[in-house]
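Colleague: Okay, handing you the structure first.
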Amino acid sequence: MILSLFQNIILIIFIVVLSITFVLFIFLIIYVLRLIRISTKLKAKQFEKFNGFAMKNQIVFLGDSLTEFYQIEEFFHGYPVYNRGIASDTTDGVLERLDSNVIEIQPKKVFIQIGTNDYRARKNNDYIFKNIKNIVTKLKENLPEVKVYIISLYPVNHKAKIYSRFFTSPRKNQNIIELNQMLKNYCSDNNIPFINVYDELIDKDGNLDKQYTVEGLHISYEGYEVITKILKPYLEE
């Protein structure tokens, strides 16, 4: 009986500790997400200040971390480029900051690569597609002479590293392929260049090639070399 009582006490303690740990984990996630949102807002405000020194009629790269971490000033040395990528940004975020971060400096070309973080926010392809169309429409309405380019979403690799799923989930390559096809059709119907980078980054199994990624989601130096080779002709036209 004493043994049974002791076992019950141990079980209760275990359940309590587990519950507290779970609650703390949830609070940690909420805190991290809040920090990400704050960081995104601060970065957008920073771009507003940078715009005071920016020249008009230049080239803008617009997107999330896949753009922010793309050292375009180095890869496109000598080209008049501005990086307006913000880590963790979504299509909603881009729409919100489009006026202050991009339209204000009146670029002649805008390269858009956005959408992968929408999957993390549990948005579906229709939602992402609609927002990207709205981004293009808003650019065209405010900058009638601007040339807009849509870059395909990049593939992911859930097995590139042991911890890859922490970064890649819940993204699925099949969903990305379907969205890219939607974007390609839209671009074809509206005379907008669609730049298919996806097919050049995959391995024989259809995943983001390990040599082109840091951890299954973000792009390595070698990956950006491939992307740069594809994009450069569009900067020169």
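The values are calculated or read from the model by the stated rules, or taken from the named source; none is laboratory data. This structure is a prediction, so every number in the text was calculated from the model and none was measured. Glycine gets a Cβ as well: all are built from the backbone with ideal geometry, and neighbour counts include every protein chain shown.
Colleague: Has the range 79-88 got at least one residue that is assigned to a loop (DSSP other than H, G, I, E, B), free of Cβ contacts under 8 Å to residues at least 40 places away in the same chain and out of contact with any helix residue (DSSP H, G or I) (no Cβ under 6 Å at 6 or more places or on another chain)?
Modeller: Yes, the conditions are met somewhere in the range 79-88.
Colleague: Then there is this: Restrict the check to the range 145-168 and report whether at least one residue is of a type in the set (A, V, I, L, M), more than 28 Å from S100 (Cα to Cα) and in contact with a Pro (Cβ under 7 Å, 6 or more places away or on another chain).
Modeller: no
Colleague: Next question, about the same structure. Could you please find all residues in the range 25-75 being modelled with pLDDT under 80, surrounded by fewer than 15 Cβ atoms within 10 Å (Cβ to Cβ) and either under 18 Å from the mean Cα position of the chain (by Cα) or not in a helix (DSSP H, G or I) (or both)?
Modeller: V32, L33, R34, L35, I36, R37, I38, S39, K41, L42, G52, F53
Colleague: Applying the selection to the range 213-233, what residues are over 16 Å from the mean Cα position of the chain (by Cα) and crowded, with 18+ Cβ neighbours inside 10 Å?
Modeller: L231
Colleague: Separate question: Is it the case, given these coordinates, that D199 is at pLDDT 95 or above, not small (G, A, S) and not in a helix (DSSP H, G or I)?
Modeller: So D199 fails the test.
Colleague: On to the next question. State whether the residues of the range 64-84 include one that is more than 18 Å from K138 (Cβ to Cβ), among the β-branched types (V, I, T) and not assigned by TED's automatic domain parsing to the domain that holds I132.
Modeller: No, every residue in the range 64-84 fails to be more than 18 Å from K138 (Cβ to Cβ), among the β-branched types (V, I, T) and not assigned by TED's automatic domain parsing to the domain that holds I132.
Colleague: Could you run through the range 207-216 and say how many residues are under 21 Å from I112 (Cβ atoms) and either at pLDDT below 95 or in a helix (DSSP H, G or I) (or both)?
Modeller: 1
Colleague: For residues that are among the hydrophobic types (A, V, I, L, M, F, W, C), farther than 13 Å from N125 by Cα and either at pLDDT 95 or above or in a helix (DSSP H, G or I) (or both), tally how many sit in the range 148-181.
Modeller: 6
Colleague: Let me ask you something else. Residues in the range 217-235: is at least one assigned to a loop (DSSP other than H, G, I, E, B), closer than 19 Å to S65 by Cβ and in contact (Cβ under 8 Å) with a residue 24 or more places away in the chain?
Modeller: yes
Colleague: Output the residue which, of all residues in the range 171-200 that are farther than 11 Å from I151 by Cα and either of a type in the set (V, I, T) or not assigned by TED's automatic domain parsing to the domain that holds I150 (or both), is surrounded by the fewest Cβ atoms within 10 Å (Cβ to Cβ).
Modeller: The selected residue is I177.
Colleague: Would you say E141 is assigned by TED's automatic domain parsing to the domain that holds I59, free of Cβ contacts under 8 Å to residues at least 40 places away in the same chain and not small (G, A, S)?
Modeller: yes
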